[in-house]
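Working notes, structure below.
Quick note: the coordinates plus some simple rules give every number you see, no bench work behind them. All values derive from a computational prediction rather than experimental measurement. Here the Cβ positions follow ideal geometry from the backbone for every residue, glycine too, while neighbour counts run over all protein chains shown.
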Amino acid sequence: MALAAFAILVGCVPRTPDPQEADVLFLPTPHAVVEAMLGLAEVRAGDVLYDLGAGDGRIVIAAARRYGARAVGIELDPRKVAEARANVARAGLAGRVEIRHGDVFDADLSEASVVTVFLFPEINDRLAPKLRRELRPGARIVSHRFGLGDWLPERRVEAHGHPLLRWTVPAR
C-alpha cells in the first residue's frame with residue numbers, strides 16, 4: 001500500500017498495467033530545481049541530454065534553450081508525450097528537442113552525455129546497471145531526490161529543499 005501511495009504522489013508509476021493506458025499523475029520539477037539539476041550536470045552546448053520520464057518536457061526545453069544542448073525526453077504516458085511535444089513546439093525548439101514515447105528500459109541511451117531522472121527509487125535501482133552499461137565514460141547523471149541503487153553519487157546538493165545527486169560514468 002505504501003508503494004502505491006508513494007508512486008501516485010511521485011507520478012512516475014502507472015496505475016494500470018498497460019502503458020498505453022497509463023494513468024500517471026505527474027509531479028513537475030520546480031523550474032528553479034530544473035536549473036540546479038542542469039547546473040550540477042554541467043550541461044554544455046555540445047551535450048546530448050536525455051531526460052528519463054520527461055513529463056511535460058521542462059528539463060529538455062531548459063537544456064536546449066539555456067545551454068544549447070540537443071535534448072531527448074523519454075516518456076511513458078502518451079498524454080504527457082503530447083503535452084511535452086506541444087511545449088517543445090511552443091518554445092520553438094523542435095529542431096533541438098525530441099520527445100519519444102516509450103519505456104526508459106527499452107530506450108537506447110548510448111548517445112547521451114547527460115541523463116536526468118526523477119523516478120521512483122525502485123525504478124532508479126533497476127536503471128543503474130543500464131546507465132553503467134550504455135553510457136560512455138564521462139557521461140553525467142543527475143537524479144532529483146533518489147539514488148541509483150548501490151552506486152554512490154560523487155556529489156549531493158540541495159536546491160530549494162530538493163536533494164540532487166550526481167554521478168559520472170567511470171572509465172571501463
Is the shape of the chain best called rounded, prolate or oblate, per the rule: a/c under 1.5 gives rounded, else a/b larger than b/c gives prolate, else oblate, with a ≥ b ≥ c the square roots of the Cα gyration tensor eigenvalues?
-> rounded
Only bridges with both residues in the chain count here: give the DSSP antiparallel percent, nearest 5.
-> 40
At a Förster radius of 25 Å, what calculated FRET efficiency corresponds to the Cβ-Cβ distance of residue 42 and residue 86, to the nearest 0.05?
-> 0.30
Gap separating the Cα centres of the range 108-131 and the range 137-155, nearest whole Å = 9
Which of the DSSP-defined H helices in the chain satisfy a minimum axial length of 24 Å, computed from C-alpha atoms, and a minimum mean Kyte-Doolittle hydropathy of -1.0?
-> none
Given the options 145, 58, 90, which has the most mean-square fluctuation in a GNM of the chain, springs set between C-alpha atoms less than 10 angstrom apart?
-> 90
Highest GNM mean-square fluctuation, the chain, Cα pairs closer than 10 Å: which of 160, 144, 101?
-> 160
Relative contact order %, the chain, counting alpha carbon pairs below 8 Å whose residues are six or more apart = 19
Connecting every pair of Cα atoms under 10 Å apart in the chain and solving the GNM, the largest mean-square fluctuation among 92, 102, 73 falls on 92
Divide by every residue of the chain the summed helix terms, -39500 (n - 2.57) for each DSSP H run of at least 4, and state the resulting mean residue ellipticity at 222 nm, rounded to the nearest 500 deg cm²/dmol.
-> -10000 deg cm²/dmol
